[in-house]
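The values are calculated or read from the model by the stated rules, or taken from the named source; none is laboratory data. Given the structure is predicted, the values throughout are model-derived calculations rather than measurements. Because the Cβ atoms are built from the backbone with ideal geometry, glycine has one as well, and the counts that use them run over all protein chains shown.
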Amino acid sequence: MPDEPCQCPDCRRFYREHDRLIRENPSLRQQQELNWAALQSFRTLAGRVLEDLQKHQSQSQSPDTPSASDAQPAGTGAGAPAAGEADELAQALSDLESINAHLFSIEVLMERIFDVRVPEAVEQKFKELAGELAPDPLNVDRLRLNRLLHQTPDLP
């Protein structure tokens with residue numbers, strides 16, 4: 001494993017987002033709430049997409065439904081979907097059902113995290129270490145260090 005972290009665009013975007021989330025949510029309680037909101041939004045969206053695709057699939061499989069061709073996405077043509085499209089849709093539905101099952105499991109585990117309460121001194125330790133783990137990228141000292149080490153401009 002290399003000593004240096006990966007610097008591909010995806011990894012750099014992840015590092016920036018990681019640091020931003022620590023900076024903006026430096027306490028245990030804020031991290032709990034942030035993760036709960038992210039989980040719930042993921043479940044809501046994935047569940048809604050699954051429901052919509054299941055509805056679309058059931059409409060396209062019933063030949064006596066007159067609106068089946070109207071429910072097809074643009075560009076797929078009228079009538080029942082091609083065999084390849086049907087297989088692809090069936091696989092997507094299976095994957096989304098699996099994702100939703102995992103999200104429900106994660107939700108149960110997350111509920112246990114909300115049972116944890118810590119004293120104010122521990123919350124302060126969270127905030128202190130958050131500043132060390134993800135310092136403000138526009139902090140003057142950080143900009144100066146960046147310029148000295150990397151010979152890059154101060155501002156992005």
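Quick notes
- Residue check, SER41 on the phi < 0 side of the Ramachandran plot and touching a residue at least 12 places away in the same chain (Cβ under 8 Å): no
- Lone qualifier among ALA80, ALA86 - being at pLDDT below 95 and not in a helix (DSSP H, G or I): ALA80
- Close pairs (7 angstrom Cβ cut-off, 6 or more residues apart or separate chains): closer than 30 Å to VAL118 by Cβ and in contact (Cβ under 8 Å) with a residue 60 or more places away in the chain in segment 1-30, outside any helix (DSSP H, G or I) and among the charged types (D, E, K, R) anywhere: ARG23/ASP136
- Total residues in segment 95-142, condition among the aromatic types (Phe, Trp, Tyr) and under 19 Å from the mean Cα position of the chain (by Cα): 1
- If you check ALA38, ALA46 for being more than 30 Å from PHE126 (Cα to Cα), modelled with pLDDT of 90 or more and in a helix (DSSP H, G or I), only one passes: ALA46.
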